[in-house]
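FYI, it's all coordinate maths here, none of it is from the lab. Remember, predicted model here, so these are calculated numbers, not experimental data. All Cβ positions, even for glycine, are placed from backbone atoms using ideal geometry, and neighbour counts span all protein chains on display.
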Amino acid sequence: MKRKKISWADPSKFLKELHVAEDVVSYPLVQNIIETAGLPVSTVPIGKTPFETDGECWQEMNSGKKHLFLTRNRGSFFKSCPGTSEYTCCGYYVLNVGMNCPMDCVYCILQAYLNQPWVTAFVNIDEMFTEIDAELDEKPEQFFRIGTGEFTDSLALENVTGLSKMLSEYIATKENAILELKTKSAAIENLHTAKHGGKTILSWSLNSQTIMQSQELRTATIKERLLAAGKAAELGYKLAFHFDPIILHDNWEKGYEEIVQLLFNHVDNKDIVWISLGALRYLPSLKNIGRQRFAGSSIFSEEFICGLDGKLRYFRTQREEMYKHLYTLLQSRVARHTCIYLCMESDEIWEEVFGYAPHVKGGLSKMLDHAALSAIKQ
């Protein structure tokens, strides 16, 4: 008998146990999560961790990703994206709602960044909303593009926490902000009834089928992602897509051609606000971690050079070739209002690929602000 293929459209199904910090047990959100998840629960004393770890964080991640820790964020929730002066940054604002996710991508930079192997969700959301209020109210003339996908996947836990729905309804009340929820899942069921007011952009990371199947473990398939995107558009959400990281592999040109074709077979181009392109880049320490955790992967075996930001990148000529190929594929299919941009690249590469540098159009931040504001008015 043929075994039924497991779907990871909702990666929260990989979770096996909840751990709740002692000082948040009484929070209504925590009680809702416990009831919704239906998982075994343990209480963690203040100052303690969900479980003891013996080795490096990355050595515990295989099992750690099955554990969800509900706790308070004792730092700041809201900050500007930590870009570098050497490469063009998009002026994004990061909302830190948690750390790590149940999915497991070979190239995930968090493997070399995190010092805890479990998945963490911050539950002191009243403090989070107060912090956002203060920042947005202090600068009413500034437009904020806000995303939750810096340290976790925006929707991987949505069917357990319901946080993204709360955020989308909150942002709907703000004149000077828009929310982007970036994911490799297809877990949008909870957003079907959200009163988002057209102020939330649902975005998906895309890659070639070869990379998605071999390097992005416990993630939604391309069909699941694009069907979810189509449904999101029907519900009035605007869309965005991120070809990031673009990875060199056998027949990569054809692989990305197929994905672009599938994208526009499932999604109306008028619903797409922006599309980003970014080649594989990573902290040097990730190479050893990735090779040990994923012995069958060869993505770190290509030739790389250390960039100005200290991350390893493909040689400039290779990146330019990849960007030009994808830009040519996309340019003939996107609507005029869709902003195609490079993530963390120099003006020189922008000029080589697009024929202009961002400052010609007021800077990348202004370009994306314009795209977002235009989408809101549609």
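Rounded to the nearest 0.05, the FRET efficiency derived from the C-beta distance between residue 265 and residue 115 at R0 = 45 Å is 0.60. Working from label points 7 Å from Cα in the Cα-to-Cβ sense, the residue 49 to residue 139 distance is 3.4 nm. For the chain, modelled as a GNM with alpha-carbon contacts under 10 angstrom, which of 159, 100, 32 fluctuates the most? Of 159, 100, 32, the most mobile in the Gaussian network model is 32. Over the chain, Cα pairs under 8 Å with separation of 6+ residues give a relative contact order of 16 percent. The GNM of the chain, with springs linking C-alpha atoms under 10 angstrom apart, assigns the highest mean-square fluctuation among 12, 154, 276 to 276. Residue exposure proxy: 252, 8, ordered by other Cβ atoms within 10 angstrom of their Cβ from fewest to most, comes out as 252, 8. Annotation: the residues 281, 316, sorted from fewest to most other C-beta atoms within 10 Å of their own C-beta, follow the order 316, 281. Pairs exceeding 18 Å between alpha-carbon atoms, taken from 13/231; 139/174; 174/195; 5/223: 13/231. Across region 115-210, Cα pairs under 8 Å and at least six residues apart give a relative contact order of 27 percent.
Highest GNM mean-square fluctuation among 273, 20, 360, for the chain modelled with Cα contacts below 10 Å: 360. Counting neighbouring Cβ atoms within 10 Å and putting the fewest first, the residues 314, 356 line up as 356, 314.
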